[in-house]
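Novice: This structure is in structure tokens; I'll ask about it shortly.
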Amino acid sequence: VQLQAFGGGLVQAGGYLRLSCVVSGLSFDDYAIGWFRQAPGKEREFVAAIGSGGTTYYADSVKERFTIPRDNYKNTLYLEKDSLEPEDTAVYYCAADGSTRLSTWSTKNIDYWGKGTQVTVSS
């Protein structure tokens, strides 16, 4: 199983972010997929996830600021956000899980992880 994240880099505050996560080696349609992030000096935290049927769940801290569409034909998950802030600087990890309820996603109950992509927002 591989989860490969793309799209990180240096972005100015106020700019737009679009990350992609291409998944292979599992039945994409059967898994919930999502994103975590880890800011410098902080623990990895849940951002958002989308179920196999399209139901979404967002962390309270990011609700209505990120969107998380998935393309089941391309086995790809996206993370999109306008108006980036320096506080969004982090390593972003995509994740896949086959059984955990979206509202209970945490770093302790994920089946598969990607390696992460760095996003740095300059002020």
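The values are calculated or read from the model by the stated rules, or taken from the named source; none is laboratory data. Worth saying up front: this structure is predicted, and the values here are computed from it rather than measured. Cβ coordinates were reconstructed from backbone atoms using ideal geometry, including for glycine residues, and neighbour counts include every protein chain displayed. Side chains included, ligands, DNA and RNA excluded: accessible areas come from the protein's heavy atoms. Shrake-Rupley method; radii C 1.70, N 1.55, O 1.52, S 1.80 Å.
Novice: Using the Karplus curve 6.51 cos²θ - 1.76 cosθ + 1.60 with θ = phi - 60°, work out ³J(HN,Hα) for each residue of the range 5-22 in order, rounded to whole Hz, and write x for Gly and Pro.
Specialist: Working through the residues one at a time gives 9, 9, x, x, x, 9, 10, 6, 4, x, x, 10, 10, 9, 9, 10, 9, 9 Hz.
Novice: Taking the solvent-accessible surface of protein heavy atoms with a 1.4 Å probe, what is the per residue accessible area of the chain in Å²?
Specialist: For the chain, the per-residue accessible area is 53 Å².
Novice: Ok, one more. Karplus couplings for the range 107-120 from phi (6.51 cos²θ - 1.76 cosθ + 1.60, θ = phi - 60°), rounded to Hz, Gly and Pro as x?
Specialist: Result, ordered by residue: 5, 8, 10, 9, 6, 9, 10, x, 7, x, 9, 7, 10, 10 Hz.
Novice: So, one more: Karplus couplings for the range 41-58 from phi (6.51 cos²θ - 1.76 cosθ + 1.60, θ = phi - 60°), rounded to Hz, Gly and Pro as x?
Specialist: Karplus-based 3J(HN,Hα) across the range 41-58 equals x, 10, 7, 5, 10, 6, 10, 6, 8, 9, x, 5, x, x, 5, 10, 9, 10 Hz.
Novice: Let me spell out the model: positive unit charges on the Cβ of Lys and Arg, negative unit charges on the Cβ of Asp and Glu, origin at the Cα centre of the chain. What dipole size does that give, in debye rounded to 20?
Specialist: The dipole magnitude comes to about 160 debye.
Novice: How long are the semi-axes of the equivalent ellipsoid of the chain, taking √(5λ) for every eigenvalue λ of the Cα gyration tensor, in whole Å from largest down?
Specialist: Over the Cα atoms of the chain, the ellipsoid semi-axes are 22, 15, 13 Å.
Novice: Further question on the same structure: Can you pull out the chymotrypsin sites (Phe, Trp or Tyr not before Pro) in the range 12-91 that DSSP calls coil and that have at most 12 other Cβ atoms within 10 Å?
Specialist: Tyr16, Tyr73
Novice: Give the carbon-plus-sulfur fraction of the accessible surface of the range 26-123 in %, rounded to a whole number; probe 1.4 Å, heavy atoms of protein chains only.
Specialist: Carbon with sulfur: 43 percent of the solvent-accessible area.
Novice: Calculate, for Thr104 and Lys42, the FRET efficiency according to 1/(1 + (r/R0)^6) with r their C-beta to C-beta distance and R0 22 Å; round to the nearest 0.05.
Specialist: 0.60
Novice: If you restrict to DSSP beta bridges whose two residues both lie in the chain, what percentage is antiparallel, to the nearest 5?
Specialist: Roughly 90 percent of the beta bridges in the chain run antiparallel, per DSSP.
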